[in-house]
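The values are calculated or read from the model by the stated rules, or taken from the named source; none is laboratory data. The structure displayed is predicted, hence computed values, not measured ones. For neighbour counting, all protein chains shown are included, and Cβ atoms are generated from backbone atoms with ideal geometry for every residue, glycine included.
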Amino acid sequence: MKLKPSIRLGGRRSRLTAMVAAGTTVLGIASFAVAQAPAHADPTEVYVAVGSDTIQDVMNQYSNDLGGNELGSYNAVNPVSAVAHENITPVEGKHGVSCNFTRPNGSTEGENALRKSINQTTTATQLAAPPQQNCVDIGRSSAAPGSDQKADGQLVFIPFALDAVTGATGPAGTTAITTADSFTLTDLTNLYTNCTTVSEGGVTYNPNTATAGQVQINLYVPQAGSGTLKFWASKLGFSATTLPACVHQTILAGPNAGTQVEEHDGTAVASDPNGYMPFSVAQWISQSNGHDERRHGAVLHNINGVTPCSGGACPSSGGSMNTAFPVTREVYNIVQYDRVVNTGDGNFDQALASLLAGTGSSLCQDVITILNYGFAPLSTPQTTDNCGSTANTLRAFDSTDPV
């Protein structure tokens, strides 16, 4: 029997959360026992994954599906307090390393933690307490290699599912953005990239300061380093590192004014009736299914007249992603290329490869979990890559731009 508590582990597998958080020193579930030694609070796990909020819940469940202590998937923020950048103390079992480092929050921080774990002299930006050698095996990412792509790269971004991203406002009846379902990609580009007004459904929205006859729209994006921020910025054509003046990462109005915007958390638009933000469709469906609920009444909207959920408007619970939505992306697990592809250099790890690499990998075969957490399976030609691909187009960082 597997226990599924209502809140996920502050960086550990979901099935351990409630009892460990309550101070239990010994926990036995599904033939897996953890002794909580004074030196560290986290269990020994063969492989450690950190990074993206977008895919943390599906990866948490996948680690639960694997059983034993094969994979520890650590949340982007503390799942109880939502505090970011606390230290976590996994014991990475593959190399037998007791670790203590700042919890990575988002795709970029997860990728950078993986790079530091591989190369202690990396130039990748690090948090206050960077990971020690061999402390991170997998960086969860909702963003592709991008400009770091190198055909002979040392890292590979292995895709496993399809996500979609759309805009969200606060609950119906409370939001001032009443015609958001009419927004097009051109509208969103004009709003986010050009900071110009747009008119839809007889309403003119101003992302700067609304004048008479206009409605104020406050444009939000998630925290720096978020894969969703990078994806949304690339889709609409603005810089993810130097934001346009009308784009905000701190809530402007309401009871949560001054709080940082977190990806796939509806606090910003629930607090600010004039707010609009990108939201993962898979995360919204996953949360509607009861997984790490933090929508706070956020409502998803159409883009180009296309609904993000199959069969019409997204239901209050359940549903599935519309794979024909105009804004979709693959999601990835980042690992060292030669650990999952047999290059003959002695670094190949068959167990890790069997988890992630190839259509026959256990993650690619765990389709029920992928669907239950709101994602869609990858299948060419509908998507660019097949699940588990390790193609050279998915590699990053070579000798000219090292890990």
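Being touching a strand residue (DSSP E or B) at 6+ places or on another chain (Cβ under 6 Å) and either of a type in the set (A, V, I, L, M, F, W, C) or not in a strand (DSSP E or B) (or both) is the filter here; which residues of region 193-220 pass it?
Correct list: Thr197, Val198, Val203, Pro207, Ala210, Gln214, Val215, Ile217, Leu219.
Kindly list, by first and then second residue, each pair from a residue in region 345-367 that is under 17 Å from Ser73 (Cβ atoms) to a residue that is β-branched (Val, Ile, Thr) and outside any loop (DSSP other than H, G, I, E, B), limited to pairs with Cβ atoms under 8 Å and residues at least 6 apart or on different chains.
Cβ pairs passing all conditions: Leu352/Val335; Leu352/Val340; Leu356/Ile138; Leu356/Ile158; Leu356/Val335; Leu356/Val340.
Condition check: closer than 21 Å to Asp401 by Cβ, touching a residue at least 12 places away in the same chain (Cβ under 8 Å), out of contact with any Cys (no Cβ under 8 Å at 6 or more places or on another chain) and outside the structural domain of Ala233 (by TED's automatic domain parsing). Does Ala144 satisfy that?
Working: closer than 21 Å to Asp401 by Cβ: yes; touching a residue at least 12 places away in the same chain (Cβ under 8 Å): yes; out of contact with any Cys (no Cβ under 8 Å at 6 or more places or on another chain): yes; outside the structural domain of Ala233 (by TED's automatic domain parsing): yes.
Yes; evaluated as a whole, the condition is true for this residue.
Please go through region 143-155 and pick out each residue that is of a type in the set (A, V, I, L, M, F, W, C) and either part of a loop (DSSP other than H, G, I, E, B) or within 17 Å of the chain's Cα centre (by Cα) (or both). Write out each step before concluding.
Here is the first cut: in region 143-155, the ones of a type in the set (A, V, I, L, M, F, W, C) are 143-144, 151, 155.
Within region 143-155, Ala143, Ala144, Ala151 meet the criteria.
Could you identify the single residue in Ala282, Ala324, Ala253, Ala270 that is of a type in the set (Gly, Ala, Ser), assigned by TED's automatic domain parsing to the domain that holds Leu229, in contact (Cβ under 8 Å) with a residue 24 or more places away in the chain and closer than 27 Å to Gly146 by Cβ?
Working: Ala324 fails: in contact (Cβ under 8 Å) with a residue 24 or more places away in the chain; Ala253 fails: closer than 27 Å to Gly146 by Cβ; Ala270 fails: closer than 27 Å to Gly146 by Cβ.
After applying the criteria, what remains is Ala282.
Can Ser98 be described as buried (at least 24 other Cβ atoms within 10 Å of the Cβ) and small (Gly, Ala, Ser)?
On the way: buried (at least 24 other Cβ atoms within 10 Å of the Cβ): no; small (Gly, Ala, Ser): yes.
Judged against the criteria, Ser98 is not a match.
Which of the following residues is surrounded by fewer than 17 Cβ atoms within 10 Å (Cβ to Cβ) and over 27 Å from Val80 (Cβ atoms): Asn342, Asn302?
Numbers: Asn302 fails: surrounded by fewer than 17 Cβ atoms within 10 Å (Cβ to Cβ).
Result: Asn342 is the single residue among Asn342, Asn302 that is surrounded by fewer than 17 Cβ atoms within 10 Å (Cβ to Cβ) and over 27 Å from Val80 (Cβ atoms).
Of (1) closer than 13 Å to Phe157 by Cβ; (2) surrounded by 19 or more Cβ atoms within 10 Å (Cβ to Cβ); (3) of a type in the set (Gly, Ala, Ser), Ala353 satisfies all except one. Which?
So Ala353 meets the others, but not (1).
Residues to consider are Ala172, Ala128; find the one that is assigned to a loop (DSSP other than H, G, I, E, B), small (Gly, Ala, Ser), under 27 Å from Ala268 (Cα atoms) and more than 24 Å from the chain's Cα centre (by Cα).
Working: Ala128 fails: more than 24 Å from the chain's Cα centre (by Cα).
Just a single option satisfies the conditions, and that option is Ala172.
Just give me the residues in region 131-142 being touching an Asp or Glu at 6+ places or on another chain (Cβ under 7 Å) and outside any loop (DSSP other than H, G, I, E, B), in sequence order.
Those that are touching an Asp or Glu at 6+ places or on another chain (Cβ under 7 Å) and outside any loop (DSSP other than H, G, I, E, B): Gly139, Ser141.
Mind listing whichever residues of region 289-308 are modelled with pLDDT under 95 and over 23 Å from Leu229 (Cβ atoms)?
Once the filter is applied, which keeps residues that are modelled with pLDDT under 95 and over 23 Å from Leu229 (Cβ atoms), region 289-308 yields Asn289, Gly290.
In region 271-285, how many residues are assigned to a helix (DSSP H, G or I) and buried (at least 24 other Cβ atoms within 10 Å of the Cβ)?
Of region 271-285, the ones assigned to a helix (DSSP H, G or I) are 271, 281-285.
Okay, now just the ones that are also buried (at least 24 other Cβ atoms within 10 Å of the Cβ), so 281-285.
The qualifying residues number 5.
From the residues in region 385-403 that are β-branched (Val, Ile, Thr) and within 19 Å of Val340 (Cβ to Cβ), which one is surrounded by the fewest Cβ atoms within 10 Å (Cβ to Cβ)? Break it down into steps so the answer makes sense when it comes.
First pass over region 385-403, keeping only residues β-branched (Val, Ile, Thr): 390, 393, 400, 403.
Still in the list and also within 19 Å of Val340 (Cβ to Cβ): 390, 393, 403.
Values: Thr390: 19, Thr393: 14, Val403: 22.
Among those that are β-branched (Val, Ile, Thr) and within 19 Å of Val340 (Cβ to Cβ), it is Thr393.
Are any residues in region 175-192 without any contact (Cβ under 8 Å) to a residue 40 or more places away in the chain and part of a helix (DSSP H, G or I), and if so, which ones? Steps first, answer last, please.
Of all residues in region 175-192, those without any contact (Cβ under 8 Å) to a residue 40 or more places away in the chain come to 178-179, 186-187, 190.
Within region 175-192, Thr186, Asp187, Asn190 meet the criteria.
Select from region 321-338 the residues that are outside any strand (DSSP E or B) and over 12 Å from Ile158 (Cα atoms) and list them in ascending order.
Quick first cut of region 321-338, residues outside any strand (DSSP E or B) only: 322-327, 337-338.
Within region 321-338, Asn322, Thr323, Ala324, Phe325, Pro326, Val327, Asp338 qualify.
For region 221-241, give me the residue count where each residue is polar (S, T, N, Q) and either touching a helix residue (DSSP H, G or I) at 6+ places or on another chain (Cβ under 6 Å) or in a loop (DSSP other than H, G, I, E, B) (or both). Before you say what the answer is, go through the steps one by one.
If we filter region 221-241 for residues that are polar (S, T, N, Q), which is where we start, we get 223, 226, 228, 234, 239, 241.
Applying the additional criterion that residues be either touching a helix residue (DSSP H, G or I) at 6+ places or on another chain (Cβ under 6 Å) or in a loop (DSSP other than H, G, I, E, B) (or both) yields 223, 226, 239, 241.
Number satisfying all stated conditions: 4.
Given the structure, is Thr359 among the polar types (S, T, N, Q) and either outside any loop (DSSP other than H, G, I, E, B) or not assigned by TED's automatic domain parsing to the domain that holds Tyr276 (or both)?
Working: among the polar types (S, T, N, Q): yes; either outside any loop (DSSP other than H, G, I, E, B) or not assigned by TED's automatic domain parsing to the domain that holds Tyr276 (or both): yes.
Yes: the conditions hold for Thr359.
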